[in-house]
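Below you'll find the structure, written out as structure tokens, and then a few comments.
The values are calculated or read from the model by the stated rules, or taken from the named source; none is laboratory data. Treat the numbers as computed from the prediction; the structure is a model and nothing was measured. Here the Cβ positions follow ideal geometry from the backbone for every residue, glycine too, while neighbour counts run over all protein chains shown. Side chains are part of the model used for accessible areas, which takes the heavy atoms of the whole protein and leaves out ligands, DNA and RNA. Shrake-Rupley method; radii C 1.70, N 1.55, O 1.52, S 1.80 Å.
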Amino acid sequence: MPDPSSGGRRATGRELRGQVGAVVRDLPALLTAPLFRRRHLVWGATPAERHAELPGDALFPRAQYRSTRAISIAAGPEDVWPWLVQVGCGRAGFYSHDLLDNLARPSATTIRPDLQNLEIGQWVPMSPSATPTDRTALRVRSFEVGRRLLWGKPDSSWEWLLTSDGRGGTRLVTRIHAVYEWKTHPLMALLGCVLMEFGDFAMLRAMLRGIKQRAEKLGQADHAVEVGP
């Protein structure tokens, strides 16, 4: 029997109702995102984080969609990093709205050792497709363990940066660059535009909060074990 906290299992009726409720609560953010575009593109990020240069910036210099968002986490980078490594549809999920991005299967609430291997070129599935492609999944382009992770597709890049706040916590910054290929792939561009302009903010905000919740819980548990009775 699979570990109920490891992700990949079917949601119970109660969990499914909770997922529906979470999406309903975020509907205002989903539907009005374009109206607050300038604000939500930099949600949580400081001016320094918004303007910092990251390795993935050079991949799509003409991207129409550019966002830099961030969150503070009361746990060290070593407690945050494993959650990023195991991300993916059919893997540990995205810690966001599972109803929309993980086939309603609850995202993992524990670190999965079987998903902690990380290699250049590795797939990060964004759909349930049995055979990942450059249109249905991201690939790991580069990484620095515990510090930086870059995913990419032919039309976008998604980068993560973890920095210590000097007080045992982490600033987790994420940056997305996406190109709308209106001339060569108009239908894909339209789909991408709708997904990014309407859905990205609410989904990514939920993901950042989901990672924060999980990493802080793990960090507290580890600290309790170290301190002992």
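Just the residues that are in contact (Cβ under 8 Å) with a residue 40 or more places away in the chain and either surrounded by fewer than 20 Cβ atoms within 10 Å (Cβ to Cβ) or of a type in the set (Lys, Arg) (or both), please, taken from segment 157-171. Matches in segment 157-171: Thr163, Ser164, Asp165, Gly168, Arg171.
When you scan segment 127-137, do you find a residue that is under 24 Å from Ile73 (Cβ atoms) and buried (at least 18 other Cβ atoms within 10 Å of the Cβ), even just one? No, segment 127-137 contains no residue that is under 24 Å from Ile73 (Cβ atoms) and buried (at least 18 other Cβ atoms within 10 Å of the Cβ). Taking each residue of segment 187-199 that is under 24 Å from Arg25 (Cβ atoms) and looking for partners that are open to solvent by 40 Å² or more (accessible area, probe 1.4 Å) with beta-carbon atoms closer than 8 Å, six or more apart or interchain, yields Glu197/Pro34; Glu197/Arg37; Phe198/Leu31; Phe198/Pro34; Gly199/Leu100.
Looking at segment 108-122, can you tell me whether even one residue there is of a type in the set (D, E, K, R) and within 22 Å of Tyr180 (Cα to Cα)? No, segment 108-122 contains no residue that is of a type in the set (D, E, K, R) and within 22 Å of Tyr180 (Cα to Cα).
Could you figure out which of (1) within 26 Å of Gly44 (Cα to Cα); (2) touching a residue at least 24 places away in the same chain (Cβ under 8 Å) isn't true of Arg91? Unmet for Arg91, out of (1) within 26 Å of Gly44 (Cα to Cα); (2) touching a residue at least 24 places away in the same chain (Cβ under 8 Å): (1).
Glu226 meets the conditions (1) at pLDDT 95 or above; (2) surrounded by fewer than 19 Cβ atoms within 10 Å (Cβ to Cβ) in every case but one. The failed one is (1). Residues in segment 134-182 that are in a strand (DSSP E or B), within 22 Å of His51 (Cα to Cα) and either modelled with pLDDT under 95 or of a type in the set (A, V, I, L, M, F, W, C) (or both): Phe143, Leu149, Leu150, Trp151, Trp158, Trp160, Leu161, Leu162, Leu172, Val173, Ile176, Ala178. Does segment 92-114 hold any residues that are under 22 Å from Ser157 (Cβ atoms) and either among the β-branched types (Val, Ile, Thr) or modelled with pLDDT of 95 or more (or both), and which are they? Ala92, Gly93, Phe94, Tyr95, Ser96, listed by residue number. Arg10 falls short of the stated requirement of being at pLDDT below 95 and under 26 Å from Trp182 (Cβ atoms).
For segment 90-103, check the following and say yes or no: at least one residue is of a type in the set (A, V, I, L, M, F, W, C), farther than 19 Å from Met207 by Cα and under 16 Å from the mean Cα position of the chain (by Cα). Within segment 90-103, none of the residues are of a type in the set (A, V, I, L, M, F, W, C), farther than 19 Å from Met207 by Cα and under 16 Å from the mean Cα position of the chain (by Cα). Scanning segment 62-117 for residues that are in a helix (DSSP H, G or I) and open to solvent by 50 Å² or more (accessible area, probe 1.4 Å) turns up Glu78, Leu99, Leu100, Pro113, Asp114. Remark: pairs (first residue in segment 115-143, touching a residue at least 60 places away in the same chain (Cβ under 8 Å) and closer than 16 Å to Glu159 by Cα; second residue open to solvent by less than 60 Å² (accessible area, probe 1.4 Å) and among the basic types (Lys, Arg); Cβ separation under 9 Å; 6+ apart in sequence or on different chains) = Ser142/Arg148. Of all residues assigned to segment 21-30, at least one qualifies as being under 22 Å from Gly199 (Cα atoms), touching a Leu at 6+ places or on another chain (Cβ under 7 Å) and at pLDDT 95 or above. Just one of the listed residues (Lys212, Lys153, Lys183) is within 21 Å of Ala92 (Cβ to Cβ), free of Cβ contacts under 8 Å to residues at least 60 places away in the same chain and either open to solvent by 40 Å² or more (accessible area, probe 1.4 Å) or not hydroxyl-bearing (Ser, Thr, Tyr) (or both), and it is Lys153. The single condition from (1) touching an Asp or Glu at 6+ places or on another chain (Cβ under 8 Å); (2) open to solvent by 30 Å² or more (accessible area, probe 1.4 Å); (3) in a helix (DSSP H, G or I) that Gln19 fails is (2).
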